[in-house]
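To keep things clear, I will list the structure first and then write my remarks on it.
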Amino acid sequence: MPSRESYEVHKEEKSLVQKAKREANQEDILAAALVMRMGPQKPPATFWQPLKLFAYSQLTSLVRRATLKENERTPKSEKVHNFKVHTFRGPHWCEHCASFMWGLMAQGVKCADCGLNVHKQCSSLVPNDCKPDLRHIRKVYSCDLTTLVRAHDTARPMVVDMCIREIESRELTDPEKKLEAFREALALLPPSHSETLKYLMAHLKRVTQNEKFNLMNAENLAIVFGPTLMRAPNLDAITALNDIRYQRQVVEVLIKNEEALF
């Protein structure tokens, strides 16, 4: 009958053998995942695709986590993340807790401004340090103002600067310069158009001289005749509707300054 000491030695040896087998299996799995162990035949292309997705996802997660740790040492930004429910293709890991995102659809949420991927339950734990990326922001209008200026690194949206500069380079304040601009535009009209417009404006000017009785001043007449005289051919209804205010202003100036312009 074996002694207790030999039994303990046998038990310890058996435990060491089992441990060695487990470690060997883990090494085999790791080697296969890292593409360090190849058989005599080249595996099919479909074998490598999941491993590529796995490696890419892990690398992205590590970089993102390192960035988040680095940001913890810098002042916090006041820009909150714009999380939307997202369905990820292939394996993905939460960039906050580094845990796997389970499921086939709607596995987590993705920030539409910076691209951060996290679990839905982790979204409330992520710091408000969103740094918008132009790769994810594909619109200017109907976009959050803070998101837009941070993405372009400007004090205000560039489109506002561009529009105001263009308008101010045209909206003349000197009455003489304004009339001169009208004369230059009228000189571009064909003779038949110019003569017809001149005759009509002279008539409307005479109508305004009886405003006391007909209640038709230059502004009221411009409201009536502006869309008829100023609408460009083949102009869609929405654009024409937006131009009504400017059409009225042009016709009003033509009526009031009929003698000076024609």
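Overview of values
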| quantity | calculated |
| --- | --- |
| Zone of ARG170's modelled label, taken as backbone nitrogen in the range 222-238 under 15 Å from a point 7 Å along Cα→Cβ | 231-232 |
| Cα→Cβ-extended label distance, 7 Å offset, between VAL207 and GLU195, nm | 2.3 |
| Where Cα atoms sit under 21 Å apart: lysine pairs in the range 155-262 separated by 8 or more or lying on different chains | 8 |
| Projected label distance in nm at PHE100 and GLU219, using a 7 Å step from Cα toward the beta-carbon | 7.3 |
| GluC sites (Glu not before Pro) within the range 146-232, DSSP loop, no more than 14 other Cβ atoms inside 10 Å | GLU171 |
| 1.4 Å probe accessible area per residue over the range 208-262, in Å² | 68 |
| In order through the range 107-118: 3J(HN,Hα) via Karplus (6.51 cos²θ - 1.76 cosθ + 1.60), integer Hz, x for Gly, Pro | 6, x, 10, 10, 6, 6, 9, 10, x, 5, 10, 9 |
| Under Karplus coefficients 6.51, -1.76 and 1.60, residue-wise ³J(HN,Hα) of the range 200-216 in Hz, glycine/proline x | 5, 5, 5, 5, 5, 5, 5, 4, 5, 6, 10, 4, 4, 9, 9, 6, 10 |
| Cα centroid separation - the range 230-262 against the range 195-228, whole Å | 13 |
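The values are calculated or read from the model by the stated rules, or taken from the named source; none is laboratory data. On a predicted model such as this, the values are computed, not experimentally measured, just so you know. All Cβ positions, glycine included, derive from the backbone under ideal geometry; neighbour counts span all protein chains shown. Surface areas here come from the heavy atoms of the whole protein model, side chains and all, with no ligands, DNA or RNA. Shrake-Rupley method; radii C 1.70, N 1.55, O 1.52, S 1.80 Å.
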